[in-house]
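The values are calculated or read from the model by the stated rules, or taken from the named source; none is laboratory data. Just so we're clear, the structure is a prediction, and the values are computed from it rather than from any experiment. Counting neighbours? That spans all protein chains shown, and the Cβs are built from the backbone with ideal geometry, glycine included.
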Amino acid sequence: MNATADRALASAATQAEPILRVQDVGLVYGSSTVALDGANLDVPKGQLTALLGPSGCGKTTLLKIIAGLIEPTAGAVYVNGKPVEGPGPDRALVFQDFALLPWATVLDNVAFGLRARGVPRKEREETARHYINEVGLSGFEDKHPHELSGGMRQRAGLARALAVESDILMMDEPFSAVDEQMRRKLQEDLLDLLKIEKKTVIFVTHSIEEAVYLADQVAILTRRPGRVTKVIRPDLDRSGDVDVIRRLPQYVELVDEIWASLKHYVE
Ligand SMILES: Nc1ncnc2c1ncn2[C@@H]1O[C@H](COP(=O)(O)OP(=O)(O)OP(=O)(O)O)[C@@H](O)[C@H]1O
Ligand SMILES: [Mg+2]
């Protein structure tokens, strides 16, 4: 394909109807805590959108609104053009600690969301084994969360989220509790997984590097009351290995550009 056709395709991709639209969303907690005010965001299908912003700016709140766990006090969220009115099988939310059930095995934890959906036991277990294998946890099906390392628990949580086979996966700082080596491995594995799974992912992180490395688009939020102030599309050549990507001039420039947008929030 020639460069012109490539560009035309890329432009068609960015103009495509988003799978998810956050429109003028506001959220007031109680009588006075304005967490979000006028938040707008389009999330393209099959891409990873990272949310970056100062602590307390409303990122988790926004994920909960998208998940349908809390209702916005203004505006609305649309999935494929339909307003979100509560939780649904099209959206799965993964919390930072993955909230694994401590008394249940890896297999039961991964199959858990399917039981709630009435999937028969045999099928649940087959699906769970498939995703356990996909995240690299084969052989640990019968272990309990306390018998796993932090990184393995994250993988189990990811397998559980994948097992419900929602199109949209929301992840709230999923890799923030593991060490840097494990974090890098999980990031690479997530990108590999997404090549197979083709999910739409909304990923909250505090790490600019993580956002630039993982995301097709990075949405930057302002300090509370949060709203999206800037959307950047890294458009990196990800064909090389992670160390090559992190040294690309474009990668380094993007990290600097985003830091320039965020640093005044910490001054
Ligand atoms: N249940 C709640 N009741 C009242 N206020 C809340 C509630 N949850 C969050 N808030 C407030 O709303 C604001 C946004 O919180 P939120 O957890 O969405 O931020 P965040 O961007 O996820 O922060 P962090 O980066 O620290 O996780 C904060 O000021 C927080 O104190
Ligand atoms: Mg949060």
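Residues to consider are 203, 175; find the one that is touching a residue at least 12 places away in the same chain (Cβ under 8 Å), within 16 Å of ligand 1 (Cβ to nearest atom) and assigned to a loop (DSSP other than H, G, I, E, B).
175
Of 134, 141, 126, which residue is in contact (Cβ under 8 Å) with a residue 60 or more places away in the chain and not assigned by TED's automatic domain parsing to the domain that holds residue 192?
134
Considering only the range 49-61, how many residues are within 9 Å of ligand 2 (Cβ to nearest atom), farther than 12 Å from residue 34 by Cα and surrounded by 23 or more Cβ atoms within 10 Å (Cβ to Cβ)?
Final tally of qualifying residues: 1.
Being over 21 Å from residue 57 (Cβ atoms) and hydrophobic (A, V, I, L, M, F, W, C) narrows it down to one of 244, 218, 212, so name that one.
After applying the criteria, what remains is 244.
Please work out if residue 177 is at pLDDT below 90 and either within 16 Å of ligand 2 (Cβ to nearest atom) or crowded, with 20+ Cβ neighbours inside 10 Å (or both).
For residue 177, the condition - at pLDDT below 90 and either within 16 Å of ligand 2 (Cβ to nearest atom) or crowded, with 20+ Cβ neighbours inside 10 Å (or both) - is met.
Out of 243, 189, 237, 256, report the one residue that is farther than 26 Å from residue 25 by Cβ, under 16 Å from the mean Cα position of the chain (by Cα) and either acidic (Asp, Glu) or part of a loop (DSSP other than H, G, I, E, B) (or both).
None of the others qualify; the one that does is 189.
Quick test for you: out of 64, 82, pick the one residue that is in the same structural domain as residue 198 (by TED's automatic domain parsing) and within 16 Å of ligand 2 (Cβ to nearest atom).
The match here is 64.
Hey, residue 119 hits all of (1) farther than 26 Å from residue 213 by Cα; (2) within 16 Å of ligand 1 (Cβ to nearest atom); (3) part of a loop (DSSP other than H, G, I, E, B) but one; which does it fall short on?
Among (1) farther than 26 Å from residue 213 by Cα; (2) within 16 Å of ligand 1 (Cβ to nearest atom); (3) part of a loop (DSSP other than H, G, I, E, B), the lone unmet condition for residue 119 is (2).
Of the residues 207, 176, 149, which is among the hydroxyl-bearing types (Ser, Thr, Tyr) and over 16 Å from the mean Cα position of the chain (by Cα)?
Exactly one residue qualifies, and that residue is 149.
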